[in-house]
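Heads up, the thing below is written out as structure tokens.
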Amino acid sequence: MKKSREKLGQILLSEGLITEEQLDKAIEIQKKEGSRLGETFINLGILTEKDIVVAMAKQLSIPYASYAKGLLRPAENQDLNKLIPEDYARKNMTLPISRHMNSLTVAFMDPLDLIALDNLKRMSGCEINPVIATKSDLQRAINEFYGKEDLLKDAVSDSYDLEEFKVEKNVEDDLSLDDLIARAEEAPVVKLVDLILMQAIKDRASDIHIEPYKNKINIRYRIDGVLYEIPPPAKHLLPAIISRVKILSNLDIAERRLPQDGVFFVKVDNKGIDIRVSTIPAIFGEKVVMRILDKSATPLNLGELGFDPEDLEKFRKAIASPNGLILLTGPTGSGKTTTLYASLNEMKSPRKNITTVEDPVEYKMEGINQVQIKPNIGFTFASALRAFLRQDPDIIMVGEVRDLETAQICIRASLTGHLVLSTLHTNDAPSAISRLIDIGLEPYLISSSLIMVGAQRLVRKLCPECKEAYEITPNLVKDFGMKQELLYKPKGCDYCGHTGYRGRIAIYEVLSMNDPLRELVAKGASIGAIRDKAKEVGARSLLQSGIKKVEEGLTSIEEVLSITLVA
């Protein structure tokens, strides 16, 4: 294997993917931790796995094999699975691609692993021709080649033949506790629930919905904010599936009349994943929603979230303030909590006492005191905040301002030397001020404590493997003032599941409070007046932030318009 003398860092610099400062920082961390340079860049959130793999391909002068382009599909009728057994392929992240005479082409996640190369040479009796691929692409290709992709389909198909689970109509409600436990612990049910979970995690789903109807079950995955149906199992398995999920999350399987909440933990590919479970009684049985919380997939670096450089500078200036109130607004699922966690991750220090009160605590963070409220015993946001003020805090994060008492304590804390971060449910940043007044706060208190309001939404990112360019139309220039000649639209490929999108990025509206805005707020001005003043001082709206992402080729105009208000 021919190796280039050029170092990986120099290749990344020449490609414009990193700066000299970022390279120096990564090398310094690499020396301390003993990690590889590529891993360091990924952990810092500066580069993606694909960026590193493409650069390594250039460094080592070997091909890069992309799943989306069909380069990780092993040749048929060559008995490649006999040359490299499944166990070895999974353990060492290798995949045989093709064999030509005495040369075997193999995809590696790490082609620098000389021991693996030597083992494969002895195992197969062939000279090894390496290519490089990302870990996620390799995992998917290995699953398909060795048959794991069909396991869920087979389990769903088999569920219709499980006669022992079939019961007469309306008998489900009369099943005894022992019957429910026995059915939930049957091997087919355990396997089916495990496969539903594994497939959801593999597909990057954030939520799993199990929904009962009169004659069927619906199972849907929410991927990049959109719900997609998957083939459902037989309806007669519903009580057993629900009971299995309840057993995993320590819920009362005999209680089917009241909503319940629980949580359990799974480990996939050495990653710990929390599964939050919510059940509600519906007319045809219990509905279950499982939220998948994969911390490793959540960026906790403000620079990765989608801020425009100017807005990022405003945001960082606000969170560096010694005191005051910072609010993030947006609907449920818009990424507010992730932005708050990224902010805390940037602010945390041995010199600062940071305390959070949340419902629930979604991700556990080192160096931060996190508290879960328990309303059923009277431990609410307001009571937790009152206790916090006796704990000598520097920074307080409140999961959500829901009532006047909580809002008053947040204001009081921000006016007495504390930095307070929280969230509200409003459509844009100026509406947050009106919402606080509606709750019952006096305008003069808001104007004197509020230092910044941010609004955000999540838009789907165009798939980098298949997005298509097209020439901008006169209407887009006229309506949105776009200047780019070429924009991009979704197409669909294997890499993105034929949706045209993969992953999401946030768009932001950042409203920094200044003297003119404070004067308007103190006078109780209307939302329209505050919004007009925000435009005057240069605040970019959610729509404008989204349009910039369209011009950068990150998303489509249709995606931005679907989740923003056109003023």
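The sole residue among Ser334, Ser249 that is of a type in the set (Ser, Thr, Tyr) and free of Cβ contacts under 8 Å to residues at least 60 places away in the same chain is Ser249. Going through (1) open to solvent by less than 80 Å² (accessible area, probe 1.4 Å); (2) within 26 Å of Gly503 (Cα to Cα); (3) over 25 Å from the mean Cα position of the chain (by Cα) one by one, Glu15 falls short only on (1).
Go through the range 494-521 and give me each residue that's under 30 Å from Leu462 (Cβ atoms), out of contact with any Pro (no Cβ under 7 Å at 6 or more places or on another chain) and among the hydrophobic types (A, V, I, L, M, F, W, C). Selection gives Cys496, Ile505, Ala506, Ile507, Val510. In the set Leu517, Leu542, Leu511, only one residue is out of contact with any Ser or Thr (no Cβ under 9 Å at 6 or more places or on another chain) and in contact (Cβ under 8 Å) with a residue 12 or more places away in the chain; that residue is Leu511.
Filtered by the rule that a residue be over 29 Å from Leu227 (Cβ atoms), at pLDDT below 85 and outside any helix (DSSP H, G or I), the range 474-513 gives Gly481, Met482, Lys483, Gln484, Glu485.
Restricting to the range 201-256, what's the tally of residues that are hydrophobic (A, V, I, L, M, F, W, C), open to solvent by 40 Å² or more (accessible area, probe 1.4 Å) and closer than 19 Å to Val268 by Cβ?
Summing the residues that are hydrophobic (A, V, I, L, M, F, W, C), open to solvent by 40 Å² or more (accessible area, probe 1.4 Å) and closer than 19 Å to Val268 by Cβ in the range 201-256 gives 1.
Taking the criterion of being open to solvent by less than 60 Å² (accessible area, probe 1.4 Å), touching a Lys or Arg at 6+ places or on another chain (Cβ under 7 Å), in contact (Cβ under 8 Å) with a residue 40 or more places away in the chain and within 28 Å of Arg351 (Cβ to Cβ), would at least one residue in the range 399-419 satisfy it? Within the range 399-419 (the criterion being open to solvent by less than 60 Å² (accessible area, probe 1.4 Å), touching a Lys or Arg at 6+ places or on another chain (Cβ under 7 Å), in contact (Cβ under 8 Å) with a residue 40 or more places away in the chain and within 28 Å of Arg351 (Cβ to Cβ)), the answer is no, since none of the residues qualifies.
Of all residues in the range 534-558, those being part of a helix (DSSP H, G or I) and more than 16 Å from Lys314 (Cβ to Cβ) number 8. Looking across the range 18-57 at every residue that is among the polar types (S, T, N, Q) and at pLDDT below 85, the one that is surrounded by the most Cβ atoms within 10 Å (Cβ to Cβ) is identified as Thr40. Of the candidates Asn102, Asn92, the single residue that is modelled with pLDDT of 85 or more and under 31 Å from the mean Cα position of the chain (by Cα) is Asn92.
Among the residues of the range 301-319, the ones that are free of Cβ contacts under 8 Å to residues at least 12 places away in the same chain and either farther than 20 Å from Val459 by Cβ or touching a His at 6+ places or on another chain (Cβ under 7 Å) (or both) come to 1 in all.
The condition (being hydrophobic (A, V, I, L, M, F, W, C) and open to solvent by 50 Å² or more (accessible area, probe 1.4 Å)) is satisfied by just one residue among Leu520, Leu543, Leu561: Leu561.
For the range 482-491, the set of residues classified as open to solvent by 20 Å² or more (accessible area, probe 1.4 Å) and of a type outside the set (Lys, Arg) consists of Gln484, Glu485, Leu486, Tyr488, Pro490, listed by residue number.
Taken over the range 371-398, the criterion of being surrounded by fewer than 22 Cβ atoms within 10 Å (Cβ to Cβ) and of a type in the set (Gly, Ala, Ser) is satisfied by Gly378, Ala382, Ser383, Ala387. For the range 341-369, taking the residues that are of a type outside the set (Lys, Arg) and open to solvent by 50 Å² or more (accessible area, probe 1.4 Å), the one that is nearest to the chain's Cα centre (by Cα) is identified as Asn345. For the range 55-92, a residue qualifies if it is in contact with a strand residue (DSSP E or B) (Cβ under 7 Å, 6 or more places away or on another chain), within 15 Å of Lys135 (Cα to Cα) and among the hydrophobic types (A, V, I, L, M, F, W, C), and the qualifying residues are Met56, Ala57, Ala65, Leu72, Ala89.
The values are calculated or read from the model by the stated rules, or taken from the named source; none is laboratory data. Values in this document were obtained by computation on a predicted structure and should not be read as measured data. All Cβ positions, glycine included, derive from the backbone under ideal geometry; neighbour counts span all protein chains shown. What goes into the accessible areas is simple: the full protein's heavy atoms, side chains included, and nothing from ligands, DNA or RNA. Shrake-Rupley method; radii C 1.70, N 1.55, O 1.52, S 1.80 Å.
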